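Student: Got a structure for you, written out below as structure tokens; questions coming shortly.
The values are calculated or read from the model by the stated rules, or taken from the named source; none is laboratory data. Computed from a prediction, not measured in an experiment: that's the story for all the values here. Please note: Cβ atoms are built from the backbone with ideal geometry, for glycine as well, and neighbour counts cover all protein chains shown. Ligands, DNA and RNA are excluded from the accessible area calculation, which covers all protein heavy atoms including side chains. Shrake-Rupley method; radii C 1.70, N 1.55, O 1.52, S 1.80 Å.
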Amino acid sequence: MLSGDSSHVVVGVSGGIAAYKAVNVVRLLKKTGLDVWVVPTANALRMVGAATWEAVSGHPVYTDPFDGAEDVAHVLLGSKAKAFLLVPATANVIGKLANGIADDMLSTTVLSATCPIMVAPAMHHQMWTNPAVKDNISRLKKRGIHFIGPVSGELTSGDSGIGRLAEPEEIVDSFLSLLNSLDDYSLRGKHVVVTAGGTREPLDPVRFLGNYSSGRQGVEIARAAYLAGAEVTLVDVNLEVPAPAGVNLVKAHTALELQEVLNNLFQDLDILVMTAAVADYRPAIVADSKLKKSQNHLSQIELIENPDILAGLGKLPRENKILVGFAAETAGGQLGIEYARKKILEKQTDILVYNQVGHGRGFGEVTNHVCILDSDGSIMVESSGSKQDLAKLIISNIACFKK
Ligand code: PMT
């Protein structure tokens with residue numbers, strides 16, 4: 001029944017008036033050479049009939065889990081898909097997806113899918129702003145589901161507001177970017193510089209001011225970028241974990257050394273991911289010999305401010321370079337996000353990854369929880385997991401990123 005090749009994608013259509021626009025989405029996806037399978041709900045078929053979906057996709061459509069039961073069609077369709085697009089996604093289908101409800105062909109297929117899912121919602125603006133719908137959307141975003149739209153504009157009811165389906169071309173572009181980011185070589189031809197670890201600001205030959213960064217998150221980002229086909233330079237800032245194979249290594253110990261390394265690399269990089277934890281201050285004087293407790297030199301240490309390296313680079317002309325910063329905040333929730341948004345403005349980043357740190361979070365751990373924000377401060381995606389999995393998520397969002 002199914003080709004099972006890497007170009008197989010599924011388009012789920014739910015019963016909103018915008019279903020007719022999904023015909024164009026399927027047509028445009030087909031034109032790119034994708035093998036598109038359409039799963040309309042029974043209500044979607046009241047808007048656009050099965051014959052249209054079959055003609056435009058070139059495949060039979062199933063709306064009932066008992067259709068093609070001998071092949072367990074919903075599992076086959078979902079599990080073989082490289083990516084899944086729900087267009088239009090009604091409040092009902094979003095609610096089912098958020099709550100794991102599987103009571104028809106579309107909801108069973110999407111639950112069987114292990115691939116990335118993109119949702120293009122369309123509904124009346126009062127439904128879109130309903131707290132129940134907002135909750136469902138935020139739960140789906142936390143699970144790494146991608147969203148495109150809705151946009152503001154005229155609605156079928158005659159009034160206007162947010163809730164209108166994004167334009168088919170825009171949906172197709174975003175979906176293709178998502179697919180592209182899954183391609184093993186989505187960063188081919190790009191030079192990615194990743195900084196990882198924590199700066200150490202010397203006090204004397206045996207002591208320093210430092211932080212708990214192990215470098216693990218940055219090392220995993222470097223690995224994911226390398227696996228995505230990029231040429232990678234990893235700036236090793238006192239790494240406590242091994243660097244991945246295949247990357248160029250440059251060392252920096254202090255904030256000033258890191259600044260010098262990055263100033264030298266900046267001209268030739270396409271993407272900078274600033275994962276290193278950089279000290280904001282350093283001791284004003286570095287002693288040549290070990291400071292003596294008896295001489296009271298250690299009870300007061302005069303500090304001077306380090307440059308904000310990322311903010312400095314953010315001010316330079318950057319053409320098509322993508323600057324990715326991190327925000328490490330002990331604050332969680334909305335306050336943490338607000339602090340992160342402030343950093344986007346201060347450092348002029350294109351993407352900023354916020355993670356809550358301290359008290360067993362972030363620094364030194366194997367797992368992390370990240371919230372990826374764009375330059376407007378909007379949340380692109382939020383997710384928890386191993387630093388390795390989150391690195392892939394960060395890299396796939398960078399690969400999809402368009403200025
Ligand atoms: O290394 P791990 O143990 O795996 O831990 C990972 C991590 C928690 C260190 C990492 O995920 C992380 O959050 N890194 C950023 C740490 C940090 O310095 O955050 P910040 O919020 O203080 O700084 C914001 C951004 O500005 C960062 O991208 C930082 O690299 C940069 N910065 C900060 C200060 C400074 N003087 N110059 C800078 O460029």
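Student: Of the residues that make up the range 189-212, is at least one touching a residue at least 24 places away in the same chain (Cβ under 8 Å), of a type in the set (Lys, Arg), farther than 30 Å from Ile301 by Cα and away from the ligand (no atom under 16 Å from the Cβ)?
Tutor: Looking for residues that are touching a residue at least 24 places away in the same chain (Cβ under 8 Å), of a type in the set (Lys, Arg), farther than 30 Å from Ile301 by Cα and away from the ligand (no atom under 16 Å from the Cβ), one finds at least one in the range 189-212, hence yes.
Student: Can you say whether Ser289 is assigned to a helix (DSSP H, G or I), more than 15 Å from the ligand (Cβ to nearest atom) and over 30 Å from His191 (Cβ atoms), as far as the supplied structure shows?
Tutor: Criteria not met by Ser289.
Student: Right, something else. Here are some conditions: (1) farther than 25 Å from Tyr212 by Cβ; (2) modelled with pLDDT of 95 or more; (3) of a type outside the set (S, T, N, Q). Glu329 meets all but one. Which one does it not meet?
Tutor: Only one criterion in (1) farther than 25 Å from Tyr212 by Cβ; (2) modelled with pLDDT of 95 or more; (3) of a type outside the set (S, T, N, Q) is unmet by Glu329, namely (1).
Student: Have a look at Asn248, Asn264 and point out the one that is within 16 Å of the ligand (Cβ to nearest atom), more than 24 Å from the chain's Cα centre (by Cα) and not hydrophobic (A, V, I, L, M, F, W, C).
Tutor: Asn264
Student: Just for the range 32-69: of the residues that are among the polar types (S, T, N, Q) and part of a helix (DSSP H, G or I), which one is farthest from Ala113 (Cα to Cα)?
Tutor: Per the criteria, the residue is Thr52.
Student: For Gly210, work out the one condition from (1) surrounded by fewer than 22 Cβ atoms within 10 Å (Cβ to Cβ); (2) within 24 Å of Leu323 (Cβ to Cβ) it doesn't fulfil.
Tutor: Condition (2) is where Gly210 drops out.
Student: While we're looking at this one, here's another question. For the range 298-399, please list each of the strands (runs of 3 or more DSSP E) lying entirely inside it that holds at least 3 residues being closer than 25 Å to Ser174 by Cα.
Tutor: 322-329, 351-356, 367-374, 379-386
Student: Look through the range 213-242, keep the residues that are more than 21 Å from Ile398 (Cβ to Cβ) and more than 9 Å from the ligand (Cβ to nearest atom), and return whichever of them is nearest to the chain's Cα centre (by Cα).
Tutor: In this case the residue turns out to be Pro242.
Student: Of all the residues that make up the range 139-160, how many are touching a Ser or Thr at 6+ places or on another chain (Cβ under 8 Å) and either at pLDDT below 85 or not assigned by TED's automatic domain parsing to the domain that holds His124 (or both)?
Tutor: 2
Student: Scan the range 349-367 and report the pairs whose first residue is assigned by TED's automatic domain parsing to the domain that holds Ala311 and under 17 Å from Lys142 (Cα atoms) and whose second residue is near the ligand (Cβ under 8 Å from one of its atoms) and assigned to a loop (DSSP other than H, G, I, E, B), with Cβ atoms within less than 9 Å and a gap of 6+ or a chain change.
Tutor: Every condition considered, the pairs that remain are Val353/Thr275; Asn355/Gly362; Gln356/Gly362.
Student: When the range 7-24 is examined, which residues are found to be over 21 Å from His124 (Cα atoms) and either open to solvent by less than 30 Å² (accessible area, probe 1.4 Å) or modelled with pLDDT under 95 (or both)?
Tutor: Within the range 7-24, Ser7, His8, Val9, Val10, Val11 qualify.
Student: Consider Val87 carefully, then state whether it is aliphatic (A, V, I, L, M), part of a loop (DSSP other than H, G, I, E, B) and either assigned by TED's automatic domain parsing to the domain that holds Val151 or crowded, with 18+ Cβ neighbours inside 10 Å (or both).
Tutor: no
Student: Okay, next question. From the list Leu258, Leu165, Leu234, exactly one residue is out of contact with any Phe, Trp or Tyr (no Cβ under 6 Å at 6 or more places or on another chain), assigned by TED's automatic domain parsing to the domain that holds Lys31 and surrounded by 19 or more Cβ atoms within 10 Å (Cβ to Cβ). Which is it?
Tutor: Result: Leu165 is the single residue among Leu258, Leu165, Leu234 that is out of contact with any Phe, Trp or Tyr (no Cβ under 6 Å at 6 or more places or on another chain), assigned by TED's automatic domain parsing to the domain that holds Lys31 and surrounded by 19 or more Cβ atoms within 10 Å (Cβ to Cβ).
Student: Filter the range 35-75 down to the residues that are surrounded by 18 or more Cβ atoms within 10 Å (Cβ to Cβ) and at pLDDT below 80, then identify the one that is nearest to Ala120 (Cα to Cα).
Tutor: Per the stated criteria, the residue is His74.
Student: Follow-up. So which residues in the range 195-215 are on the phi > 0 side of the Ramachandran plot and either part of a strand (DSSP E or B) or of a type in the set (Ser, Thr, Tyr) (or both), if there are any at all?
Tutor: Gly197
Student: Report, by residue number, each residue of the range 99-148 that is part of a strand (DSSP E or B), open to solvent by 20 Å² or more (accessible area, probe 1.4 Å) and hydrophobic (A, V, I, L, M, F, W, C).
Tutor: Phe147
Student: Sticking with this structure for a sec: Among the candidates Asp288, Asp308, which residue alone is open to solvent by 30 Å² or more (accessible area, probe 1.4 Å), closer than 22 Å to Phe208 by Cα and touching a residue at least 60 places away in the same chain (Cβ under 8 Å)?
Tutor: The match here is Asp288.
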